[in-house]
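Asks: Dropping the structure in here first, questions after.
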Amino acid sequence: MPILSSEEFINEESDRLRRGEGTLSSLINSNTSRGFDHETTPDTVSNSLQNDEYIGFIEIDGQIVASGFGKEDSKSGRKTMYIHSFAVAVDWRGKQMCQKIVGQFIKKFGKSYILYLTVRTAEGNVNEHAIRCYEKNDFVMLPEVYRDHYDGKNNAMIRVPMNKPRTNKTLRTPRSLRSTRRRPRVQRRSGPRP
């Protein structure tokens with residue numbers, strides 16, 4: 001389940017060719033194409049390599065069962081990464097492969113990068129399975145941030161780095177934001193009630 005930089009991917013592809021194995025690019029392109037029901041197979045891997053992206057995949061018994069891509073985004077001045085084109089082979093859907101491949105991107109980048117993606121939310125064509133997968137990986141839907149895409153309306157989802165596990169203490173309002181005015185104490189009566 002590697003997440004490889006473009007350079008690492010090219011090296012892995014070369015090693016496979018030397019060993020006489022099939023090209024990883026064609027396997028990932030086929031998986032991506034089938035995952036998005038494309039009639040033709042776009043060369044997603046070459047596009048990603050040209051853009052110096054990361055390529056993630058899960059391979060089982062020589063078959064790519066899940067794949068996805070990530071592009072560092074330095075325009076904002078913060079460490080952000082756009083992750084995209086996650087695809088799971090039809091025979092492997094419902095077996096948590098989406099969670100695993102997304103989880104690998106989180107494992108590699110989630111502590112220091114804000115991760116974001118878009119997911120199809122067009123009325124009558126909502127990608128509910130993907131949304132559930134991303135939510136299980138701590139992504140949050142941004143309802144007012146969307147774009148028109150070839151497959152309809154897509155909304156943005158975001159995951160902010162979480163360095164510490166959540167506890168009740170981390171969810172409290174910081175002291176600096178709490179009211180400084182003390183509440184009056186309520187006098188409690190002692191003895192029996194009337």
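Asks: In nm, to one decimal, how far is the GLU21 label point from the ASP43 one, both placed 7 Å along Cα→Cβ?
Replies: 2.2
Asks: Would you mind counting up the charge near SER26? Only other residues with Cβ under 12 Å from its Cβ, with Lys and Arg at +1 and Asp and Glu at -1. Don't skip to the end; give the middle numbers.
Replies: Details: positive: ARG16; negative: GLU13, GLU21, ASP43.
Spelling it out: positives minus negatives among the neighbours equals -2.
Asks: Ok, one more. Hey, fewest Cβ within 10 Å first, where do VAL102, VAL90 land in order? Each step should come with its number before you reach the end.
Replies: Details: VAL102 26, VAL90 10.
Sorted ascending by nearby Cβ count, the order is VAL90, VAL102.
Asks: Moving on to the next point. Report the relative contact order of the range 23-75, percent, no decimals, based on alpha-carbon pairs under 8 angstrom and at least 6 residues apart.
Replies: Working: 55 pairs, mean separation 16.5, N = 53.
Over the range 23-75, the number comes to 31 percent.
Asks: I've got another one for you. Go through the range 14-82 and name the trypsin sites (Lys or Arg not before Pro) that are in a DSSP coil and have 10 or fewer other Cβ atoms within 10 Å of their Cβ.
Replies: Details: sites: ARG16, ARG18, ARG19, ARG34, LYS71, LYS75, ARG78, LYS79; in loops: ARG19, LYS75, ARG78, LYS79.
Loop-located and lightly packed - ARG19, LYS75, ARG78.
Asks: Another question, then. By how many nm would the segment from GLN96 to SER6 lengthen if fully extended, with 0.36 nm per residue of separation less the alpha-carbon distance?
Replies: Details: separation 90, 0.36 × 90 = 32.40 nm, distance 2.58 nm.
Net length gain for the segment: 29.8 nm.
Asks: Answer rounded, prolate or oblate for the range 1-101, using the Cα gyration tensor with square roots of eigenvalues a ≥ b ≥ c: rounded when a/c is under 1.5, else prolate when a/b is larger than b/c, else oblate. If you can, show how the numbers build up before the last one.
Replies: Values: a/c = 1.64, a/b = 1.19, b/c = 1.37.
Since a/c reaches 1.5 but b/c is at least a/b, the shape of the range 1-101 is classed as oblate.
Asks: Can you give the relative contact order of the range 3-167 as a percent, counting alpha carbon pairs under 8 Å and 6+ residues apart?
Replies: 17
Asks: Among the listed pairs LYS79/LYS100; LYS75/LYS136; LYS107/LYS153, which have their C-alpha atoms separated by more than 25 angstrom in this model? Numbers along the way, then the final one.
Replies: On the way: LYS79/LYS100 23 Å; LYS75/LYS136 28 Å; LYS107/LYS153 29 Å.
The answer is LYS75/LYS136; LYS107/LYS153.
Asks: Taking the Cβ of each residue in LYS153, LYS100 as the centre, tally the other Cβ atoms inside 10 Å and list the residues starting with the fewest. List each step's numbers first, then the result.
Replies: Working: LYS153 15, LYS100 18.
Lowest to highest Cβ neighbour count: LYS153, LYS100.
Asks: Sum up the charges of everything whose Cβ sits under 14 Å from the Cβ of GLN50, counting Lys and Arg as +1 and Asp and Glu as -1, but leave GLN50 out. Could you put the intermediate results ahead of the total?
Replies: On the way: positive: LYS71; negative: GLU7, ASP43, ASP52, GLU53.
Charge balance in the 14 Å sphere: -3.
Asks: Which order do the peptides 115-128, 54-67 come out in when sorted by mean C-beta neighbours inside 10 angstrom, highest first?
Replies: Final packing ranking: 54-67, 115-128.
Every number in this text was worked out from the coordinates using simple rules, so none of it is lab data. Not measured: the values here are computed from a predicted model. Don't worry about glycine lacking a Cβ; one is built from the backbone with ideal geometry, like all the others, and counts go over all protein chains shown.
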